[in-house]
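Everything below concerns the one structure shown next.
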Amino acid sequence: MFRSLRRALGAAAAALLLPLAGVQAAHADTAAVVKSTVVKSTVVKSTVVKSAAAEAAAPGAGYWHTSGRQILDAAGQPVRIAGINWFGFETSNNVVHGLWARDYKSMIDQMKSLGYNAIRLPYSDDILKSGATANSIDFSGGKNADLQGLTPLQIMDKLVAYAGQGGLKVILDRHRPDAAGQSALWYTSAVPETTWITNLKSLATRYKGNSTVIGIDLHNEPHDPACWGCGDTTRDWRLAAQRAGNAVLSANPELLIFVEGVQTVDGVSGWWGGNLMGVAQYPVQLDVPNRVVYSAHDYATSVAQQSWFGDPSFPANMPGVWDKYWGYIFKQNIAPVWVGEFGTTLQSTVDQKWLAALVNYLRPTGTYGADSISWTFWSWNPNSGDTGGILKDDWTTVDTVKDGYLASVKAPGFAPGDGGGDPGDPGDPGGGKPACTAAYTVTNDWGGGFNAEVKVTNSGTTALKSWKTTWTWPGTQKITNIWNASHTQSGPTVTATNAAHNGTLAAGGSATFGFGGAPGGGGVPSVSCTAT
């Protein structure tokens, strides 16, 4: 089906202090293409390099491996990738985007502060070419000072090192053969399979011994004519993934090998990279066991229409759709599943329902711990034309509505025992009672109306299953629309309760909902919060 590829937004151009002629979004082509998936960028996650004793004690430390459907850290503790894609290395800028606006360290610090624990970094093979240079980086006022004069790979080293210092993990994503655009197959006439494998091995060797880089996503979004299990070595992505995966593991046997799906299997088509139906009959088999993580991509209508969005039962039909394409791999304990890309502008009601349903399908961390589906959201960047990003166009302000949808599935770390308990266990052997607080903020008031948001925080010692907030306005204000919560209003008194995707909050965790109201000038009422 036709879908427009993500396009770079032009809003950032005015802020540039350096030329940005080559700036594109990951998957930032402007042409329309027949395909079911959207082009995107990267997620990464990094862990700080520590002594052997510290690594043994810290959840998530060291290299990771798999056991059934779970990903385990070096100490055998289950972990969950809950990260963000930060694209740009795959474009003609040869570096992550946004460095024309901010220092890279402040970006990574902000990712961590929001609870993301991994970064997926898309790249193209162009960054490994001799003489490759990065462009569109602002060095004024001391920004990005330690990146000056470095090659793209040396800049990547800096990002990996700083992410690791903050406890983040990084996943390298071979997004494209070159910066010109996405390719259906893992090779082109200009970048043959031999170059692809050589470069994958080079990166595996470069970061060997640095457990911040936990793995490599071998190729982004294979699609028609790529096949899975057909046996044609020029098109069979499963066989190519085995060749490349074994080559990577020959250079560093500790890495995870992330293998995306294709578009069409047995005549059934889905998103580019999102169809893993072939795994049931033809699993990826590598020389080193416990290294394969299957990766699906899934999008909403802001990227392209799909038949399931028009189903009369939508969104109740979506779990069945995901089960068919990739969820069965997790449910049957075949291997871990990582949704490496998913995103939306959230402009339509359909997209809002889709994201809420998908987040719930991924399994809220507060209930399931690390026995969950891993993910990296598309994207950190605001300049992804058909999804937007967690950051707004100024490259600083957080889209709290979009980020709020992800609150229940974030996983900054796991204490011993997480992920293995009874989902019905309240998780508080001390018998603590659920408690919450709520903070009300007016974000915009234009007289005739206003926008506000309420942040709910679990102030107790036990996980919450649900929450409810109540306040009374002094005037005639009424809610006109609300997101990330549902509400009732009786006169000036409003009661807002959690949505399906954000009711579960770990101790210390928070969720934010927002709403519009009229008229304006209502001030800030006192808000009470009740938790269960």
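ARG363 meets all of the listed conditions (1) under 17 Å from the mean Cα position of the chain (by Cα); (2) loosely packed, with under 15 Cβ neighbours inside 10 Å but one, namely (2).
Of the listed requirements (1) open to solvent by 30 Å² or more (accessible area, probe 1.4 Å); (2) in contact (Cβ under 8 Å) with a residue 40 or more places away in the chain, PRO253 misses just one: (2). State the number of residues belonging to segment 230-248 that are open to solvent by less than 10 Å² (accessible area, probe 1.4 Å) and touching a residue at least 12 places away in the same chain (Cβ under 8 Å). Here the count works out to 6. There is no residue in segment 521-530 that is assigned to a strand (DSSP E or B), touching a strand residue (DSSP E or B) at 6+ places or on another chain (Cβ under 7 Å), exposed (fewer than 15 other Cβ atoms within 10 Å of the Cβ) and β-branched (Val, Ile, Thr). Of the numbered criteria (1) touching a Lys or Arg at 6+ places or on another chain (Cβ under 8 Å); (2) more than 28 Å from HIS487 (Cα to Cα); (3) at pLDDT 85 or above, the one PHE414 fails is (3). Considering ASP178, ASP217, ASP103, ASP157, the condition of being acidic (Asp, Glu), closer than 23 Å to TRP378 by Cα, in contact with a strand residue (DSSP E or B) (Cβ under 6 Å, 6 or more places away or on another chain) and open to solvent by 10 Å² or more (accessible area, probe 1.4 Å) is satisfied by ASP178 alone. The requirement of being more than 29 Å from PRO192 (Cβ to Cβ), open to solvent by 40 Å² or more (accessible area, probe 1.4 Å) and part of a helix (DSSP H, G or I) is fulfilled nowhere in segment 121-139; no residue meets it. Identify the residue in segment 466-492 that is of a type in the set (Ser, Thr, Tyr) and closer than 15 Å to CYS529 by Cβ and, among all such residues, is least open to solvent (accessible area, probe 1.4 Å). Out of the qualifying residues, it is THR469.
Pairs linking a residue in segment 125-142 that is in contact (Cβ under 8 Å) with a residue 60 or more places away in the chain and closer than 22 Å to SER183 by Cβ to a residue that is open to solvent by less than 40 Å² (accessible area, probe 1.4 Å) and of a type in the set (A, V, I, L, M), with Cβ atoms under 7 Å and 6 or more positions apart or on different chains, are ASP125/VAL191; LEU128/LEU153. The single condition among (1) in contact with a Phe, Trp or Tyr (Cβ under 9 Å, 6 or more places away or on another chain); (2) in a loop (DSSP other than H, G, I, E, B) that SER183 does not satisfy is (1). Taking every residue in segment 174-186 that is under 21 Å from VAL213 (Cβ atoms) and pairing it with any residue that is at pLDDT below 95 and open to solvent by 10 Å² or more (accessible area, probe 1.4 Å), at least 6 positions away or on another chain, the pairs with Cβ-Cβ distances below 7 Å are ARG176/GLN182. Residues in segment 496-517 include none that are in a loop (DSSP other than H, G, I, E, B), more than 21 Å from THR365 (Cβ to Cβ) and either touching a residue at least 40 places away in the same chain (Cβ under 8 Å) or open to solvent by 40 Å² or more (accessible area, probe 1.4 Å) (or both).
When GLY98, GLY62 are screened for being in contact with a helix residue (DSSP H, G or I) (Cβ under 9 Å, 6 or more places away or on another chain), assigned to a loop (DSSP other than H, G, I, E, B) and surrounded by fewer than 24 Cβ atoms within 10 Å (Cβ to Cβ), only GLY62 passes.
The values are calculated or read from the model by the stated rules, or taken from the named source; none is laboratory data. Just so it is clear, the structure is predicted and the values come from calculations on it, not from any experiment. Every residue, glycine among them, receives a Cβ derived from its backbone with ideal geometry; neighbour counts consider all protein chains shown. The accessibility values were calculated without ligands, DNA or RNA, using every heavy atom of the protein model including side chains. Shrake-Rupley method; radii C 1.70, N 1.55, O 1.52, S 1.80 Å.
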